[in-house]
Every structure is written in C-alpha cells, then in structure tokens.
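In what follows, a single structure is set out as structure tokens and then discussed.
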Amino acid sequence: MYQRELDQKIKTALPKALLLFGENSYLIEYYIDYYKNTLHAKDDMLTLYFEEWDLERAKRYLSQTSLFGGINLLLLKHEKKIPKKELDLLIAYTAKNPDNYLLFSFSGNAKDAKGMQSSFSSKKGGEWVRFFEPTIRDGVAMLQKKSAQISLDIDHYALQHLMLILNNNLELCANELYKLAILNRKITSKDIDALVYSTAPLATEQFLTDLFEKKSITQMIHTLLDLGEDEYSILRSTQRFVMEIFLFNAYIKLHGQPNSIDILGYKLPKQIEEKKARLAIKVKPASLLTILEHLLQSELALKQSTKINKETLLYGTFIKIQHYL
C-alpha cells in the first residue's frame, strides 16, 4: 500500500507488523518515530541494525513479557532480504501477543522488498508500505507540519526555496529547520541563501549515478541548472565521474574487489564505494572511452554555440551517453 492508505489505517489501529521501504527515508523515520511515540516504547524497544541481525535474539525479545506491562517493539533495519521462514516466524510471535509490534525498515532494492510482502499480509496482521521521493508540493506540506511542531515561522515560498537548494532531501531540510528556529524570528528566502549550504555537489553525484543507471535525468539537469551549476561544470563533473568509473573497472578486473584508497587516493564511504563498483562492473571499458571522447566533443560544441542552444546541447549530450551505456 501507499502512504495515504497507511495514514487512514493508523487513525484506528497500528498494524502489528509493518514493512517500510522505498525512496523516502525521511518518511520511513517519521513512521518509526510515530510508532515509538504512540506506543510509548522508546525505553523498552529492541533495535537490530544490519550486521546485528540475530533471529534468536529477536525471538527471545518477542517471547518475553514486557517489563512493567509495557510494549515490545522490535525494529529491524536491514539492506538485505530476510528469509521468508524467519520473517513468518517473527510475525507469528507478534500476532500471538497484543503487546508485540514489529517494524522492518528495509533499505535494499524494491525487488527484494516485493519478495517479502507476502509475509506482511493483512491476514497475518501485517502491512507493507512503499514510499516514493516526494514532489515539491508534498515536501513543502511535510516541512510546514515540522515547522509548526517546532514553532518556526517560515512561509511557503521559503520552504520551496529550501527544498530546491537541498535537492529535495527532506532529512537535510528538516535538520536545517531546527537550526533556523534558533533565530527566533520569521525566516525568509534571503535567510536561507545566507545560512544554508547548497548541496549542488551531492545533487551532481546523484545525477551521474542516475545517468549510469539509465534512469530519467531530464528533471535532474533542470535542478542542477537551478542550483547554479552551469553547462561546463556539469560536463567537467561528468568527465571526472566517468574516469573514476573507468579506474574502478580496471582495478576490479585486476584485484577482484574495489579499494577506493588505491583507486582514488582517498577512502570513500562504503556505500558510495560499493555503488561505484556496481556501476563499473556493468559498463565495458570501450563504452567508457567512447563516452569520454563524446564529452570532449560536446564541450567543444558548447563553446562554439550560442547561449540559447547550450541547454539543448547539454540534454542531447546525456541522452547520447545513455545510448552508449
């Protein structure tokens, strides 16, 4: 189901077992907090993160009588699929006791999440919900709610501006609202320009990842231009990204696994290193060389074009790159 259906359900009762996944980590955390607060379970809950996953420990927790007659809330955070038998067993434990609840925040791919949905069927007392990246309209509505909670005076247009410069990242936006609230006055777009650091570099990295994964990139190009990136800086960032993917490809072929220190001279966060490795494995070196040559030709064409044609040429450049991938 989707967010709207979940909102209707929790008005009457919380699902005993809930699988949360998708592209909106802010909303996933929002509903986890909603469970914690509604059930008053912050002190007694058990959270198992990633490598901490332990079926026996989870079973023991759901089998026990909660201290002081409270709630047993088990929160799982994992990027890998949990076997169906194990999930079914935990959900059965949850169903047996009215004080037991299970939340599974899944950060892996949607295909694996789909394979676990049957364990969270309503017949078993469970539900699943997929969240999507918010539109500007939805994001502003959520930030307005957060602003009201922390008594921050900020108008609709300032919130739109905040979402734009932070690349639609609701988690970052919410964090900035707390910082802006310290000023204890009405916040305007000028305040945001002066006090909030743009995430254009992060947006560029996400754009290039989407490019190599052959996702739709039209809106992201428009966003980058709105963030102040020009056509040349986007091309240069693309050239650097392609070279990194080329180096990852060559290193993995020689050594079998990536090591960003050896490849780039500095350590990347594990998640980014693994993502670049996955992209590198999918692309042939010959295709990467073709793309690099195409980027050089595109840069020359941009320098020779009129201002009106620059943006059109940029879109054409990336459409052709996805054809080469």
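We did not get these values from a lab; they are worked out from the coordinates using the rules stated. Remember, it's a predicted structure, so these values are computed and weren't measured experimentally. A quick note on method: Cβ atoms are made from the backbone with ideal geometry, for glycine too, and the neighbour counts reach across all protein chains shown.
Couplings for the stretch 15-24, taken from phi via the Karplus curve 6.51 cos²θ - 1.76 cosθ + 1.60 with θ = phi - 60°, read x, 5, 9, 9, 9, 10, 7, x, 9, 10 Hz in order; Gly and Pro are left as x.
At a 10 Å Cβ-Cβ cut-off, how would you order Lys146, Lys11, fewest neighbours first? Let's see the in-between values first.
Numbers: Lys146 18, Lys11 7.
Ordered from fewest to most neighbouring Cβ atoms within 10 Å, Lys146, Lys11 come out as Lys11, Lys146.
The label point for Asn37 and the one for Ala92, both projected 7 Å from the Cα toward the Cβ, are 3.6 nm apart. Against the set (i) -0.57, -0.96, -1.20; (ii) -0.46, -0.82, -1.09; (iii) -0.63, -1.01, -1.19, the structure's computed log10 I(q)/I(0) by the Debye sum over Cα atoms at q = 0.09, 0.12, 0.14 Å⁻¹ falls on (iii).
Projected label points at Glu213 and Ser122, each 7 Å from Cα along the beta carbon direction, are separated by 3.1 nanometres. Near Leu18, the amide H atoms lying under 5 Å from its own belong to Leu102, Leu103, Phe104, Glu127; only residues 5 or more places off or on other chains count, and H is placed 1.01 Å from N. Taking springs between alpha-carbon atoms closer than 10 angstrom, which of Thr306, Thr204, Thr47 fluctuates most in the Gaussian network model of the chain? Taking springs between Cα atoms under 10 Å, the residue moving most is Thr306.
With both partners inside the chain, how many of the DSSP beta bridges are antiparallel, as a percent to the nearest 5? Beta bridges within the chain, antiparallel portion: roughly 0 percent.
Within the shell defined by Cβ-Cβ distances under 11 Å, the residues around Thr188 carry a net charge of -1, with Lys and Arg each +1 and Asp and Glu each -1.
So, counting K/R as plus one and D/E as minus one, what does the shell of residues with Cβ under 15 Å around Ile261 add up to?
Working: positive: Lys267, Lys270, Lys276; negative: Glu244, Asp262, Glu273, Glu274.
Its environment carries a net charge of -1.
May I ask which of Lys16/Lys215; Lys16/Lys270; Lys80/Lys253; Lys85/Lys215; Lys190/Lys215 have a Cα-Cα span longer than 29 Å here? Listed pairs above 29 Å: Lys16/Lys215; Lys16/Lys270; Lys85/Lys215; Lys190/Lys215. Roughly how tilted is helix 25-39, in degrees to the nearest 10 and between 0 and 90, from the longest Cα axis of the chain? Between the helix axis and the principal axis of the chain, the angle is about 10 degrees. Taking Lys and Arg as +1 and Asp and Glu as -1, the other residues whose beta-carbon sits under 14 Å from that of Gln64 total +1.
With contributions of -39500 (n - 2.57) from each DSSP H run of at least four residues, the per-residue ellipticity at 222 nm computed over the chain stands at -19000 deg cm²/dmol.
Applying 1/(1 + (r/R0)^6) with r as the Cβ-Cβ distance of Lys186 and Lys85 and R0 = 51 angstrom yields a FRET efficiency of 0.35.
In straight-distance terms, cross-link reach from Lys145 covers every one of the lysines whose alpha-carbon lies under 21 Å from its own, apart from those fewer than eight places away in the same chain; here that gives Lys9, Lys11, Lys36, Lys179, Lys186.
Site pair Glu133 and Thr306 shows an inter-label distance of 3.3 nm when each label is modelled 7 Å from Cα along Cα→Cβ.
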